[in-house]
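Shown next, in structure tokens, is the structure this report addresses.
The values are calculated or read from the model by the stated rules, or taken from the named source; none is laboratory data. Note that the coordinates shown come from a computational prediction; the quantities given were computed from them, not determined experimentally. Every residue, glycine among them, receives a Cβ derived from its backbone with ideal geometry; neighbour counts consider all protein chains shown. Side chains included, ligands, DNA and RNA excluded: accessible areas come from the protein's heavy atoms. Shrake-Rupley method; radii C 1.70, N 1.55, O 1.52, S 1.80 Å.
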Amino acid sequence: MHTGTHSTAHLPQEAGGCCGHDPAHGAHDHGVPSGGASPAAFTWRVEGMDCASCVATIDKALSRLPGVSGVSVSLARETVSLDLGNGTSAGEIEALLRRLGYRAARLASPASPATLAEPRRAASPSWWTTGKGRIAIAAGLLLVVAYGVSLADARLADAAFIVASLVAAAPIARTALRKAAAGAPMTIDMLMTVAVIGALVIGAVEEAAIVVFLFAVGELLEGVAAEKARSGIRALAALVPQTALRETGDRLENVPAEALAIGDIVVVRPGDRVPADGVVVDGRSSLDEAPITGESVPVAKGPGDKVFAGAINAEAALRVVVEAGAADNLVARIVRLVEEAQDAKAPTARFIDDFARWYMPLIVALAAAVAVAPPLVAGGDWMTWVYRGLTLLLIGCPCALVISVPAAMASSLSSAARNGLLVKGGAVIERLAGIETVAFDKTGTLTVGRPVVTDIVPLGSRDAAGLLALAAAVESHSSHPLAAAVAARAGRDGVQPPAASDVRALPGKGMEGTVGGTPVFIGAPSFAAERAPLDDALRASITRLEGEGKTVVVIVVGGEAAGLFALRDEPRADAADAVAELGALGVGSLMLSGDNPRTAAAIAGALGVEARGGMLPADKAAAIGELAARRRIAMVGDGINDAPALARAHVGIAMGGGTDVALEAADAALLHDRVRDVPVLLRLSRATMINVRQNIAVALGLKALFLVTTVVGATGLWMAILADTGATVLVTLNALRLLAFFRRA
């Protein structure tokens, strides 16, 4: 039976395109010095990053500066980190970011949740206060004014639309030139600039103004959608309170939560949020952990119990000793894990990025061919075919295609994290969607992990309460799980055990002591038989109970067998439902256990799952490896002995109450010990991949449709930009539907 100590979820401390450029992966290494953090290390919050092209542009621009190394740009975190040597100052870095069109705010301590949330308001900034919002409003007003002028005097119509186009397109052109100077010439901004200039040259002035306005609206909507996708993680970071009530001698003082050190004692009053991960040293209360783990029922906490930063104290004051700094509490680790997972690329996303690299030059070449080939080869009208070439250039931009996968993955990972399911990246989501079999560890995963007394069989004239009192008198002196189960049963039944003396453990055999002058032994039947004869009826009872997968111990009092106890590690309340839900999804279930095959078979039979018992850790890993060669398999476990099997499976899933080793080896973690979260995770991953396929279909379908209609002359410039930005907005909004997955589940 697995009796390893369980700890709270431990997450990794650190891990760690749009429009025809080399999409960034969110973190780029440019020679970070080995060893600890440099004293010249700086981090900025950079607002305005909406897609991978922003990441690539910033990375290339900063990496060219003298004295700059270790550049790391994260789209999910909206941060830029780097090391500064001689040659460039922090002020110059901020000035460059401003010239590129971003707002930068330097962070003093980027690792903690408080700092992650610090530059943010409680709500995201209003769309009309953003740079993209102002451009869209200005473009719309200029278009309205131009139409007003054209109605008042038709002779001024062209001039009005030209002015509207040039003024509205000026910020876009500046951005295009900045990005081109940073090494990313083929961006949507550059294509827009070329298209607007081309349209003005051929006299399509009204359409040029409409195109600029539609582009600005599309960019605005894309930014709003990206902000929405990030808001869930920001809300999670904001759960940790800014201040804490720390004990200092015989008084209490309010201090910043970031100032708390390991070993500090804090007081958490009713209604307060816990300011740091720690252990209760005094008081009893119920804590609402729903904001962190998604657990809807308040959890009772008392001395010795762990509490998490951000949980809400519901009833009575608690004294808590701090066990983790602000940068290492559960919320900080969840935030880091999800942001790192969002920065990582799924296989489908990497394929789309690779596709975009050759797709964009192909579209540019095709647009040029459409513009010049018909006039040169077939004597076509230059104005007509240049117009169609410009239209094709705008339609061909792969923005919607490039963001189709990361938008869905980011929404999925955020939604999962807000509900206690932590997944280490889009690649894991993809693998989860294809899982055919789930293998479960038994102890602590399908079962509670603690044996309980299921049967008490007294012999002769003894009753169950008297037998339990004698057993508890001896077993209360031991910390062995079986002994603890007997003592716990006495407590639940209100049985007060008598005093025992000369109590000692017999390693591998049992416990013995003296109660009321009479020797008492409790242990395995084979060792009990050395102290007292076991009649046939008693042996039959032992055989029957062991056949039910129970562990049997016999109590011997004064040289004769007085009765027996049967104990079993009972299945979790939701284990059978989880197995049934997996079956409904077409996913098979398998239980791997180190217990004897008979015990494993009994538990498995009650749950309706196939079982393999008597397995050492190496046997579990070997079994997973053999199964993984034939089918896609996930392994769910919580113990140190599960880590090799978790690593061998296509996807390793750690139960949240499991050991640190298991959680490090796993690809996903369930923060609350619910087996039913396994099928929920599979359903979320399948829904995510359906969403991804829908996004790709929308992006490619609209491109294909409008490419054909453009070549035949059925659509114009404004429809081209509507198709491009419209597809981008559609796939982003479709991806955001995953944020509501748990409200529908």
For the range 540-675 the mean separation of alpha carbon contacts under 8 Å (6+ apart) over residue count, i.e. relative contact order in percent, is 15 percent
Cα to Cα, under 22 Å, and not fewer than 8 places away if on the same chain: which lysines meet these conditions relative to residue 424?
-> 228, 345
So how do 404-411, 242-249, 682-689 stack up, highest first, on mean other-Cβ count within 10 Å?
-> 404-411, 682-689, 242-249
Mind grabbing the accessible area of residue 153 for me, 1.4 Å probe, Å², rounded to tens?
-> 40 Å²
Furthest towards positive pole of dipole, 218, 164, 128, structure part the range 123-220, Cβ charges | 128
Note down the nm distance, to one decimal, between modelled labels 7 Å out along Cα→Cβ at residue 88 and at residue 616.
-> 5.5 nm
Under 22 Å Cα-Cα from residue 179, which lysines qualify once same-chain neighbours fewer than 8 residues away are excluded?
-> 60, 132
Run the 1.4 Å probe and let me know the accessible area of residue 479, rounded to the nearest 10 Å².
-> 110 Å²
Contour minus Cα-Cα span, residue 514 to residue 537, at 0.36 nm per residue, comes to 5.6 nm
Protein-only accessible surface order, largest first, of 739, 330 at 1.4 Å | 739, 330
Rg to Rh for the range 169-211: what is it, with Cα atoms only and Rh by Kirkwood?
-> 1.03
Cut-off 13 Å between beta-carbons: net charge of the residues surrounding residue 177, Lys and Arg +1, Asp and Glu -1 = +3
Accessible surface, 1.4 Å probe, highest first, among residues 501, 478 | 501, 478
For the range 426-510, what is the largest minus smallest coordinate of the Cα atoms on each principal axis, given in angstrom and ordered from greatest to least?
-> 61, 26, 22
Calculate what fraction, in whole %, of the accessible area of the range 409-456 sits on carbon and sulfur atoms when a 1.4 Å probe is rolled over the protein chains.
-> 43 percent
Per residue, the convex hull volume that the Cα atoms of the range 588-732 enclose (Å³) | 144 Å³
Probe 1.4 Å, accessible area per residue of the range 670-745, Å² = 40 Å²
Taking R0 as 45 Å and r as the Cβ-Cβ distance between residue 319 and residue 141, the FRET efficiency 1/(1 + (r/R0)^6), rounded to the nearest 0.05, comes to 0.15
Note the full-extension length gain between residue 248 and residue 368 as 0.36 nm times their separation in residues minus their Cα-Cα distance, in nm to one decimal.
-> 35.8 nm
Counting only protein heavy atoms with a 1.4 Å probe and every protein chain in place, the carbon and sulfur fraction of the accessible surface of the range 608-652 in whole percent equals 55 percent
Taking a probe of 1.4 Å, how large is the accessible area per residue of the range 480-533, in Å²?
-> 52 Å²
